[in-house]
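Worksheet for the structure shown next.
The values are calculated or read from the model by the stated rules, or taken from the named source; none is laboratory data. Small disclaimer: the values here were computed from a predicted structure and weren't measured. A quick note on method: Cβ atoms are made from the backbone with ideal geometry, for glycine too, and the neighbour counts reach across all protein chains shown.
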Amino acid sequence: MTREPSSPVCYADEADDLYMGYVGRDEILVLLTDLLRREDVVGRDEAVRAVLTGEIRRLGGTPPEPGDLQAAGAVPAADILRRLADLLPRLRDDGLHAVLRRLVDR
């Protein structure tokens, strides 16, 4: 006698990140690009800049050129950091999460 499972198989691991409540690729790319353009937020920390640049490339984006910095008043640093803090709970990538958390905690 074959026993039927009591519940159907769960396919949650195959669902899209957006469906599962995580932040989407496009939103991450916009925020990482905004961060790199703001020297007053990221500073001259080359390790952080390298990680952000690498993540942008890994996600299929094009990092901004070093000379493509936004003026400090273009978007207030507090707004970018607030967006970043709001995004962190929905970020699935633990490594990127740790780097971005350091920026928020500065």
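In the set (1) surrounded by 12 or more Cβ atoms within 10 Å (Cβ to Cβ); (2) in a loop (DSSP other than H, G, I, E, B); (3) modelled with pLDDT of 85 or more, the condition left unmet by Gly60 is number (1). Taking the range 40-57 as the range and being of a type outside the set (Gly, Ala, Ser), under 15 Å from Arg102 (Cα atoms) and surrounded by 12 or more Cβ atoms within 10 Å (Cβ to Cβ) as the test, the residues that pass are Asp40, Val41, Val42, Asp45, Val48, Arg49, Val51, Leu52. When the range 33-57 is limited to residues that are of a type in the set (Gly, Ala, Ser) and at pLDDT 85 or above, the one that is nearest to the chain's Cα centre (by Cα) turns out to be Gly54.
Residues of the range 84-106 that are outside any helix (DSSP H, G or I) and in contact with a helix residue (DSSP H, G or I) (Cβ under 7 Å, 6 or more places away or on another chain): Leu91 alone.
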